[in-house]
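Okay, so here's the structure we're looking at.
The values are calculated or read from the model by the stated rules, or taken from the named source; none is laboratory data. Keep in mind it's a predicted model, so treat the numbers as computed, not measured. Cβ placement follows ideal geometry from the backbone for every residue including glycine, while neighbour counts extend to all protein chains displayed. Ligands, DNA and RNA are excluded from the accessible area calculation, which covers all protein heavy atoms including side chains. Shrake-Rupley method; radii C 1.70, N 1.55, O 1.52, S 1.80 Å.
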Amino acid sequence: MKATETTILKFIGGEDKVFIIPPFQRNYEWTIEQCEELFDDILNAVKSKKNHYLGNIIYYEGENNGASFSENILIDGQQRVTTILLLLCAIRDITTDDTLKKKIDRKYLKNEDSDDSYRVRLKQTDYDEGCFERLVDGNFGTDETGKIAENYRRFKELIIGSNIDPKDLFEIIPKLEVVEVNLQTSALETVQTVFEKINSTGKPLSAADLLRNYLLITNNAKEQERLYKNYWVKIEEIITTEHISEFVKDYLIMKICEDVEKAEVYKDFKNYVLSYNLSHEDVLKDMRDYAPFYNAILTIDSKNAKLDRELLILKYLASSDMYCLFMYILKRCADEKTDTVPIFNLIRCFLTRFRIVGASGGGGALRSVVHTLIEKMQDNQIKCTFDDIQFELSNSSSKSGRYPDDTDFKEALMISKKQNHSYGRAILLSIEEFETKNLPVDFDDVTIEHLMPQTPSDWWIKNLGGKDKAEHTYNNYLNCIGNLAPLSGAYNSENSNKPWPEKVKIMKDVQFKTTKEILTKTDWNEAAIIERNANLADRACKAILAPIPRTRPYSSQKSFDDFVPGIYPITDLDTDMNGTDIKSVTIEGKEFALESWNQLLVKVSEYVLKIDSAKFDNIVKTNLLHKDKKSKNPLEFDPILSEDKTLVNAGKKIGASKYFAEGNISCSRARFFTNQLIQQYGLVDSCTITVDIKSE
């Protein structure tokens, strides 16, 4: 890296120089106010007889540099360089001095002897390129719009209003100093690191902005443009820039099957690309291929009316955590030419029940279900079919991420839970569609009315039996399914908290079966709600597909009634010890105290490493202990023991060695992998663990 103090004109000027703003950088964004401030700084530099520091300009040399021209790719300072060139264009177009006109053109704006691709000295982004070239060429029209046009016109006004001869103004510009920083490297990793650090101190870039730069940056300007136009532009056209960051995050989650924090998207994406040694073009192509499916999810426009209906209802069920799964299934089914509608109907039924029951695991439990499904389909453990997905959802290993059965679902519907109202539209319209095979109103136009209103009037308090009785009824039944009814938007605004007889009159022409059937009720009170509760809950269980009978126990289902604390051989992998406390491990008569299960493998590794370090090194290098997935390891399955801490989750250092063990590890996995390690050393008969029931 070489930094040189110079002036802006010396930096821009010279024979056959070309400056390239990479096509994936931001468009020109300087405001009129910023241009006015720069113009004032120039005038003040004359008055004070002091130079004005304009800032750093950071670039690296493109691989097309040769004897005939110098190709410089800007990574910081492009906004300032563009602004100075706009000012020079304004001076050129106002002055009557032909010599000055030619000097500005030939020395700062154009390369007269270069081919057309390098004729204009500064190559702008696609968005600004046409306007800027017309300005440089003197073909600038009065109808030009955008920041370049606005700022050029403002500079002309400022020059004319300053009463300074354009030639004198041109002589002032050399007082603008810059520090040109030539990175002097062909290592794109270094360029990207500098880019990241620059942008961490200014206006923050989105993960998509940083990723775009990372995937498209090359030493060859033409290659940059090819990648940009063939891939990134097409992705933006399909997804729209507004949703690019969401798409990038969901695409990454789909690939690694792990949660990704919003602030960590860019870092995790880079790790994914580097871990698998992926070609940037292959990643861009894959993202472009997935983009149409993601757009179909966002816009509810898959060109399949039945599928769009499922996607719409899923949207109302707050399904954004599942978009990565939806995208995977849509593309997989398109590739395999299978029908997506039954699968999405199944997912809709699962999510409806999941939302109403309000599984204790919340969003994390749902994401875990999603990640497991994608991972198993990617590894071909299950097929992307209705039957396989139904089986997997029905047999989720986590109780908090379960597919609720009829018992749980019916119970949740019949109590006053806020989510019953939030997701009531999906429930009630599922009943309507199941029973009538027809919906008279578009899903978007349906609202869900509280029959007993959310804010009770004096009439309702009296009707429900007085203040105390009304309070009891509201607390227990306001948001249960029996007190909810579908209406069109026009009805809902009129109903409000009117007395029941008036509500009945207003609803007399309603199109929905589940609403019409209650209009014969002369009163609406606790008894009526309870009766309708049971009725609608039973009908919802029929309309919304239930899980198939479980064939696997929940991993979290645990009763310690039959568990006996004590000493167990390390080879005992059958006894269920999930939820217990490990107290110690004993190897060859030596006992080592432990505080948690994730210390077991670490402590045993320390012990056997001292016995035979060469054997341990071979175990690590051959990846003998490994997982069944490849989210971190580029060539093989993810290791449990590694010299590279980034390849294991929450890596724990093994003593003072260079090795790390998996730190985020369950009781059963800790026992399984420790048993594998001990077997390699022939110590299975002399290794035991002491286990106790977890204290409350």
Calculated from backbone phi, Karplus (6.51, -1.76, 1.60) coupling profile of the range 303-314 in Hz, x at Gly/Pro: 6, 10, 4, 5, 5, 4, 5, 5, 5, 5, 5, 4
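Could you order Leu88, Leu54 so the one with the most accessible surface comes first? Probe is 1.4 Å. It would help to have the intermediate numbers written out before the result.
Working: Leu88 0, Leu54 25 Å².
Highest to lowest solvent-accessible surface, that is Leu54, Leu88.
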Computed label-point distance, nm, for sites Ser48 and Asn438 using a 7 Å Cα→Cβ extension: 8.0
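Please tell me the relative contact order of the chain in percent, rounded to the nearest whole number, where contacts are Cα pairs under 8 Å and at least six residues apart. Working shown, then result.
Values: 996 pairs, mean separation 72.0, N = 696.
Dividing the mean separation by the residue count of the chain yields 10 percent.
As an exercise, identify the GluC sites (Glu not before Pro) in the range 503-532 lying in DSSP coil whose Cβ has no more than 10 other Cβ atoms within 10 Å. Could the numbers behind the result be given before it?
Working: sites: Glu517, Glu526, Glu531; in loops: Glu517.
Taking the range 503-532 and a limit of 10 other Cβ atoms within 10 Å, no loop GluC sites (Glu not before Pro) are found.
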Radius 11 Å from Cβ of Asn27, net charge of other residues (Lys, Arg +1; Asp, Glu -1): -2
Rounded FRET efficiency, nearest 0.05, which uses the C-beta distance separating Asp168 from Arg226 and R0 of 51 Å: 0.70
Order by protection proxy (mean Cβ within 10 Å, highest first), peptides 334-340, 91-97: 91-97, 334-340
With DNA, RNA and ligands ignored, accessible area of Asp143 (1.4 Å probe; Å², nearest 10): 120
Candidate lysines for bridging to Lys516, where Cα separation is under 23 Å - those fewer than 8 sequence places away on the same chain excluded: Lys410, Lys437, Lys498, Lys503, Lys505, Lys508, Lys542
Mean residue ellipticity (222 nm) of the chain, computed from DSSP H runs ≥ 4 via -39,500 (n - 2.57), nearest 500: -15000 deg cm²/dmol
Degrees, to the nearest 10: 667-680 long Cα axis against longest axis of the chain: 80
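Of all DSSP beta bridges located in the chain, what percent are antiparallel, nearest 5? Could the numbers behind the result be given before it?
Values: 36 of 49 bridges.
About 75 percent, rounded to the nearest 5.
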1.4 Å probe accessible area per residue over the chain, in Å²: 46
The chain: angle of helix 341-357 to the longest principal axis, Cα-based, in degrees nearest 10: 70
Computed accessible area, Cys480, all protein chains, 1.4 angstrom probe, square angstrom: 0
Options Asn111, Thr352, Leu284, ranked by Cα towards positive dipole end of the chain, top entry (Cβ charges): Thr352
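Give the average over all directions of the projected area of the C-alpha convex hull of the chain, one decimal, in nm². Each step should come with its number before you reach the end.
On the way: hull surface 174.1 nm².
For the chain, averaging the hull's shadow over all directions gives 43.5 nm².
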Under 12 Å from the Cα of Lys658 - aspartates and glutamates, other chains or at least 8 residues apart: Glu606, Asp617, Glu643, Asp644
Candidate lysines - alpha carbon under 19 Å from Lys2, same-chain residues fewer than 8 apart omitted: Lys10, Lys17, Lys197
Label-point gap, in nm, between Ala334 and Ile32 - each point 7 angstrom along Cα→Cβ: 4.5
Alpha-carbon centroids, the range 410-461 and the range 81-157: separation in whole Å: 63
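So for the range 388-542, averaging the separation of alpha carbon pairs under 8 Å that are six or more residues apart and normalising by length, what relative contact order in percent results? Spell out each step's value before the answer.
Details: 178 pairs, mean separation 48.3, N = 155.
Over the range 388-542, the number comes to 31 percent.
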Members of Lys255/Lys337; Lys110/Lys267; Lys285/Lys653; Lys255/Lys417 lying beyond 28 Å, as alpha-carbon distances in this model show: Lys110/Lys267; Lys285/Lys653; Lys255/Lys417
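How much of the accessible area of the chain, probe 1.4 Å, is carbon plus sulfur, in whole percent? Working shown, then result.
Values: 15240 of 32080 Å².
With neighbouring chains kept in place, the figure for the chain is 48 percent.
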For Leu429, solvent-accessible area (1.4 Å; no DNA, RNA or ligand), Å²: 0
Within-14-Å neighbourhood charge of Leu74 [Cβ basis; K, R +1; D, E -1]: 0
Magnitude of the charge dipole, the chain, Cβ model with Lys/Arg +1 and Asp/Glu -1, debye to 20: 760
Cα-based helix-to-principal-axis angle, 207-216 vs the chain, degrees rounded to 10: 60
